[in-house]
1. Could you check how many residues of segment 60-108 are more than 30 Å from Leu13 (Cβ to Cβ), touching a helix residue (DSSP H, G or I) at 6+ places or on another chain (Cβ under 9 Å) and exposed (fewer than 14 other Cβ atoms within 10 Å of the Cβ)?
2. I'm told Leu27 meets every condition in (1) part of a helix (DSSP H, G or I); (2) more than 17 Å from the chain's Cα centre (by Cα); (3) crowded, with 17+ Cβ neighbours inside 10 Å except one. Can you identify the failing condition by its number?
3. I'm trying to understand the selection: among the residues of segment 1-21, which are among the β-branched types (Val, Ile, Thr), in contact with a helix residue (DSSP H, G or I) (Cβ under 7 Å, 6 or more places away or on another chain) and surrounded by fewer than 17 Cβ atoms within 10 Å (Cβ to Cβ)?
4. Could you check Tyr115 against (1) at pLDDT below 90; (2) within 30 Å of Ala9 (Cα to Cα) and say which number it fails?
5. For segment 42-59, which residues satisfy the criterion of being among the polar types (S, T, N, Q) and under 17 Å from Ala3 (Cα atoms)?
Amino acid sequence: MTAIIMDDAISLLERLAGILDSEQQVLMSTDLNGLAELVADKQRLLEKLAILEPHILTALHNDSAGHFSKVVDLLESCRQVNLENNALALQGKKNIDHSISFIKSVMQVSAVNLYDPSGKAGNETAKRDIGQA
């Protein structure tokens, strides 16, 4: 039973590592649809791992086949790639925030003078608003 649990854990962690690698590629390419699919896949795998976690811990404690080092290596690899992905996502958000700020500043500088209902010229930029992503 211990070997089966460990094999399942290793298989799930290997799949998670693959998803994290794919996620990193998608983050660099800014493919939001692909990213949404990968995040959903990652969430499903994490839920499976959470269900198995108590059994995995027991199996690791009783591990006689040497699965412990493989599990630790996979966990460390997943942790490292996940940290890198987080940095990429934060950088992407920062770029978007800067772009929105730039667009807002350009809109204020290039204000269009329009006429109000009474016929007076006025600056209508205050009515335009760009939301944040």
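1. Within segment 60-108, residues that are more than 30 Å from Leu13 (Cβ to Cβ), touching a helix residue (DSSP H, G or I) at 6+ places or on another chain (Cβ under 9 Å) and exposed (fewer than 14 other Cβ atoms within 10 Å of the Cβ) number 1.
2. Result: Leu27 passes all but (2).
3. Of everything in segment 1-21, just one residue is among the β-branched types (Val, Ile, Thr), in contact with a helix residue (DSSP H, G or I) (Cβ under 7 Å, 6 or more places away or on another chain) and surrounded by fewer than 17 Cβ atoms within 10 Å (Cβ to Cβ), namely Ile10.
4. Among (1) at pLDDT below 90; (2) within 30 Å of Ala9 (Cα to Cα), Tyr115 violates only (2).
5. Scanning segment 42-59 gives a single hit, Thr58.
The values are calculated or read from the model by the stated rules, or taken from the named source; none is laboratory data. Bear in mind that the values here come from a model prediction, so they are computed numbers and not experimental data. Counting neighbours? That spans all protein chains shown, and the Cβs are built from the backbone with ideal geometry, glycine included.
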